[in-house]
1. For region 152-207, what are the residues that are among the acidic types (D, E) and part of a strand (DSSP E or B)?
2. Considering only residues that are polar (S, T, N, Q) and either in contact with a helix residue (DSSP H, G or I) (Cβ under 9 Å, 6 or more places away or on another chain) or not assigned by TED's automatic domain parsing to the domain that holds I287 (or both), which ones fall in region 220-244?
3. Filter the strands (runs of 3 or more DSSP E) completely within region 225-317 down to those with at least 2 residues that are closer than 17 Å to L190 by Cβ.
4. State all residues of region 62-109 that are in a loop (DSSP other than H, G, I, E, B), among the aliphatic types (A, V, I, L, M) and within 29 Å of L6 (Cα to Cα); if no residue qualifies, say none.
5. Filtering region 1-22 down to residues that are crowded, with 18+ Cβ neighbours inside 10 Å and not charged (D, E, K, R), which residue is farthest from F347 (Cα to Cα)?
6. Give just the number: which of (1) over 23 Å from V131 (Cβ atoms); (2) modelled with pLDDT of 95 or more does G309 not satisfy?
7. Which residues, taken from region 323-340, are under 18 Å from T61 (Cα atoms) and in contact with an Asp or Glu (Cβ under 9 Å, 6 or more places away or on another chain)?
8. Is there a residue being touching a strand residue (DSSP E or B) at 6+ places or on another chain (Cβ under 9 Å), farther than 28 Å from M338 by Cα, assigned by TED's automatic domain parsing to the domain that holds P357 and not basic (K, R) anywhere in region 186-195?
Amino acid sequence: MDELDLSVAWARANMPLTEREIAALDSLSDIRLACSVHLEEKSVPFLEALLDKGAQLFLTTCNPYTVRDEVVKRLAAHGAKTHAWKGMMVEDQAKGTRAALAWGPTHLYEMGATLVGQLLSAKGAAEGSIVAGLEATGSGISRIGDLMREGHSLTFPVFNCDDVPIKEGLHNRHLVGLSTWHTFMERTRLSLHGRRVVVVGFGLVGQGVAEVARAFGGTVSVAEKDGVRALFAQYAGYRVGTVEELIPEADVVVTATGRPGVLGARLFQSLKKGCFLLNVGHTPDEIDVNALGPRKAVVPFVEEVSPSGRPVFLFSGGSMANLTAGYGDSLNSFDVTMATLAAGVRFLFNAEAGRFPPGLHALPRSAWEQVAQRASGV
């Protein structure tokens, strides 16, 4: 067995909830599922199970920097159509999105709403064949919402898996922060002790990032535009201010908003020497890395840049830190998230999903409640 075989076998052994959802799959011979997801080791068992049950898959990626080429090769050998590779350019990613839709999917499974976004903004020909879709990220739900407010209309139901309590309350709130700082400390060989950490965004991901940073010795401040979230941060004991006020004193700046262009050229002028920049949000362009200027590798996943004449450090190329430079959530904790996603995808294939009207819908509790019961032992 090669390294990937061992990793996949180890994942299966330590993700029993996901394995149970896999075992519950029916024959899928009439399913054509287009996926825009992270293509890494933990995704392999479920995607292979879909293929084994007769589904046809078209795989592209929601983030070029989290792709593992060996995973893509394995899934292609298993029968999937693929258009994804690590570090692919923006135009190649867009080509993959168009190809996935032109392929004629019956269902969509994605993270970041790239496929749905293309359909809403460009009115792709595949719309008529699509029965239902599943979106698994907050950034994707925001993107769909923004497009709908601009007057674009869905012609099929899309189910929101990000707001499922056991996904947002466990993965978003706790696990992203933990895996991010584990990855940061492992790759940089530095701790947060004595460092001033500024967390930009205090949604559920930002809350977890801030909490774990403080637990690991950092002095944490929060930049948050939303008044309600800013109040939450104050009550949690963090100093709260604008990003302009806080970053001049920061040793580490973390973006956790899921929105592009959060840190740009103007703010880079305020960074002090030796500051680290990293992103934990799903969107790979929260930090405008092009405005940082030339990059020089220091150690793996750490690059030195000098946007204002002072050296600062970019972590994991500005892409989501925990999954680009590390392995993301632990297997046992991600088992709950992956089982929830698998249950959501399985729901898409039921006749019930197709009876929902076009639009954005919460994933019904009946689709995922048993995952919570099994995970809790209740």
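The values are calculated or read from the model by the stated rules, or taken from the named source; none is laboratory data. Note that this is a predicted model, so its numbers are computed, not measured. Every residue, glycine as well, gets a Cβ built from its backbone with ideal geometry; the counts of neighbours run over all protein chains shown.
1. None - no residue of region 152-207 is among the acidic types (D, E) and part of a strand (DSSP E or B), so the list stays empty.
2. Taking region 220-244 as the starting set, the residues that turn out to be polar (S, T, N, Q) are 221, 234, 242.
Residue satisfying the conditions is S221 alone.
3. 252-255, 276-279, 296-299, 302-305, 312-315
4. Of the residues in region 62-109, the ones in a loop (DSSP other than H, G, I, E, B) are 62-68, 78-80, 83-89, 103-106.
Retained after the next criterion (residues that are among the aliphatic types (A, V, I, L, M)): 67, 80, 84, 88-89.
Correct list: V67, A80, A84, M88.
5. S7
6. Checking G309 against (1) over 23 Å from V131 (Cβ atoms); (2) modelled with pLDDT of 95 or more, the one that fails is (2).
7. Within region 323-340, L323, A325, G326, Y327, G328, M338 meet the criteria.
8. Going residue by residue through region 186-195, those that are touching a strand residue (DSSP E or B) at 6+ places or on another chain (Cβ under 9 Å) are 187-190, 192, 194-195.
Retained after the next criterion (residues that are farther than 28 Å from M338 by Cα): 188-190, 192, 194-195.
Pick out the ones that are also assigned by TED's automatic domain parsing to the domain that holds P357 and you get none.
No, region 186-195 contains no residue that is touching a strand residue (DSSP E or B) at 6+ places or on another chain (Cβ under 9 Å), farther than 28 Å from M338 by Cα, assigned by TED's automatic domain parsing to the domain that holds P357 and not basic (K, R).
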